[in-house]
Amino acid sequence: MTETTATTIPGYKAGTWTIDPTHSEVGFSIRHLMISKVKGTFERFAATFVTGENPLDSVVTASAEVASINTNEASRDGHLRTGDFFDAETYPTIDFVSTGVREVKGEFLVDGNLTIKGVTKPVTFDFEFGGFGTDPYGNYKAGATAKAEITRADFGLNYNAALETGGVLLGEKVTITIELQAVLNQA
């Protein structure tokens, strides 16, 4: 692990940041029919980042509303909200709370606990800074991309169906991709 200070990230500022949902996206992809991938998003989500003087001391909390899932197919979205998948009525949110930030070979990793359908497991997101800048309204913003891969069965997402051609309807691995823009809260 490499010790990192705020001066190594141009534009970095310590403080509390709130995700800008109009310039951010929480998405996922999963293998479908064993030949392609289906992608989806969660339309409603929230996140707060508290960045320390040292980036490695930063903390992230985030949640996505399960009922807001959107794969551009209404019947599939409805099925995903049922007990076969996310059980949105019983488990209305997917939550992430970071447990640490690491730098490995110049890359940032955010470790934390991801809770889906009442099951909490450790997950590591690869975190890539996009940069920092001020928008036309004077708000100081940060941009980044975070990615992680999970095994859906680890979270009780076991639904699948056998295909006539062999194989199964859904892959086991799910890639979570978060494109984010956050604004530094003004004191």
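Between THR8 and HIS23, the simple label model (points 7 Å from Cα in the Cβ direction) yields a spacing of 2.6 nm. With a Cα-only, solvent-free Debye model of the stretch 87-187, what are the log10 I(q)/I(0) values at q = 0.19 Å⁻¹? Those come out to -1.03, one per q. At a probe radius of 1.4 angstrom, the accessible area of the chain per residue rounds to 54 square angstrom.
In angstrom, the C-alpha Rg and Dmax of the stretch 32-140 are 16.9, 47. Calculated [222 nm] ellipticity per residue, helices only, for the chain: -1000 deg cm²/dmol; basis is -39500 (n - 2.57) per DSSP H run with n ≥ 4, divided by all residues, nearest 500. Other residues within the sphere of radius under 13 Å centred on the Cβ of GLY83, judged by their own Cβ, net out at -1 (K and R +1, D and E -1).
Going from the alpha-carbon gyration tensor of the stretch 17-93, what semi-axes, largest first and in whole Å, does one get by taking the root of 5 times each eigenvalue?
They are 28, 15, 12 Å, listed from largest to smallest.
On the chain, 53 percent of the accessible area sits on carbon and sulfur atoms, based on a 1.4 Å probe. Rounded to whole Å, give me the distance from the Cα center of the stretch 113-151 to that of the stretch 70-106. After rounding, the separation between the Cα centres reads 14 Å. In units of the rule-of-thumb radius 2.2 N^0.38 Å, the chain shows an alpha carbon radius of gyration of 1.11.
Shown is the FRET efficiency for GLU128 and ALA162, computed with R0 = 35 Å from the Cβ-Cβ distance and rounded to the nearest 0.05: 0.40.
Note down the net charge around THR71, summing +1 for each Lys or Arg and -1 for each Asp or Glu among other residues with Cβ under 13 Å from its Cβ.
So the environment of THR71 carries a net charge of +1.
The values are calculated or read from the model by the stated rules, or taken from the named source; none is laboratory data. Being a predicted model, the structure only gives us computed values, none of them experimental. Glycine gets a Cβ as well: all are built from the backbone with ideal geometry, and neighbour counts include every protein chain shown. Accessible surface areas use protein heavy atoms only, side chains included; no ligands, DNA or RNA. Shrake-Rupley method; radii C 1.70, N 1.55, O 1.52, S 1.80 Å.
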